[in-house]
Amino acid sequence: RHSGGRGREEEAGGVLMMATAKATNSMAGTMEPDDGFYNEAIDLDHAWMKHFIPGKVFDQTPNTNDQEGGSAGGHHEQIPKIESLDFHQSEQLMVSVTTDAAIRIYNTRLGQQVKSFFSTKYGASAVQFAHHPNCIIYASSRNNPAENDEVNNAIRYHSLYDNTYIRYFKAHQDQVLHLSMSHVSDRFLSSSKDKYVMLWDLKSDKCQHRFQPNERSCLRPCVALDPMDRCFAVGLDGGGIKLYDMRNFNAFHTIHGNRELKISSPPVSQLKFSNDGNWIAASVQEFIYVYDIKPGGKMDAEKPTYTFKTGSAGKQEFCFTPNDKYLLRCASRTSPPPVSLLRIPAPFAALPRAGD
């Protein structure tokens, strides 16, 4: 996974794996590995991608803390699950949050956990790095009966340097489902079960803009910012997607999605722009739909450009590879193989399990 990517992986045992290429003489030429990584740029082509294997395993210390923002010490959840994770855009760092309210920072080059923090009172989910490697934002995942809805569902801006909160973003009245941090500015988007999508700026605790998608029946909106802040997407129940202009928040294109899904209206569980902004992909149940949204492209409002049926009806996560030619997809361990490589425009290969 390249350092500029963003994504989430779910593993039943809370263990993270990072894939690296297993070199052969014919593939690697004269390049020599350094601790499992190559110092020269590699073109992600057919030959390289099918040789990827687990390269680093990120283990975790348990959460033994009962106080928000503290350090280890007390009872902990036996098998925490990973709620979300994110890679920093430029540093070799990854952050994960788990169901035991733990926030863990990993060095992706060494495969080592370097810091851990805990948000026991309100929990943590939908974590994203801010631009500074010591700052993250994340949503709450637990309710405190003594607090009101805005406090319970606040988004927290956390400094990892001194383990303090820089700012709280309070406006949502129900659980925040998704966050999407801009790659080029201090803005980020949030979506919630309260049906609202909100725009924020890290420099202010005030919501910059809020709206509900026109489809008021959408109970679980999903959001994604494009890499250059030109537009953003809102995933709707049933698999539909609306594209909005960041300058005026007007919807300029609607993807209606699969009409067969309109009856059951499953939510879009993940929404991703490609690195060049020319594609958008949505995960809905066991399908991943890829749409061409580049200027002068097909922009078909009814049919996706490519459809991948993954065979996993549960929650699944994916990301584009740096060259936008592949999707790396992960589902639960009960759906082998747990990590699959999908080549645009056709299914390609499966990555082996750890230990294979």
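The values are calculated or read from the model by the stated rules, or taken from the named source; none is laboratory data. Keep in mind that what you see is a predicted model, and the values were worked out from it rather than measured. Counting neighbours? That spans all protein chains shown, and the Cβs are built from the backbone with ideal geometry, glycine included. For the accessible areas, the whole protein counts, side chains as well, though only heavy atoms, and no ligand, DNA or RNA atoms are used. Shrake-Rupley method; radii C 1.70, N 1.55, O 1.52, S 1.80 Å.
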May I ask you to compute the full-extension gain from Lys303 to Asp201, defined as 0.36 nm times their residue separation minus their alpha-carbon distance, rounded to one decimal in nm?
33.2 nm
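Rounded to the nearest 0.05, what FRET efficiency do Trp48 and Ile79 give with R0 = 30 Å and r taken as the Cβ-Cβ distance? Could you check? If you can, show how the numbers build up before the last one.
Values: r = 34 Å, r/R0 = 1.15.
That gives a FRET efficiency of 0.30.
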So if R0 is 22 Å, what FRET efficiency would His253 and Gln212 give, r being the distance between their Cβ atoms, rounded to the nearest 0.05?
0.75
Any idea how far apart Ser264 and Val184 come out in nm if each label point goes 7 Å out from Cα toward Cβ?
3.9 nm
Rounded to the nearest whole Å², what accessible area per residue is found for the stretch 174-254 with the 1.4 Å probe?
41 Å²
Within the stretch 184-224, the residues whose backbone N lies under 19 Å from a label point placed 7 Å from the Cα of Ser90 along the Cα-to-Cβ direction are 184-188, 202-203
Write down the Kirkwood hydrodynamic radius of the stretch 116-200, to one decimal in angstroms, obtained as one divided by the mean of 1/r over all alpha carbon pairs.
12.9 Å
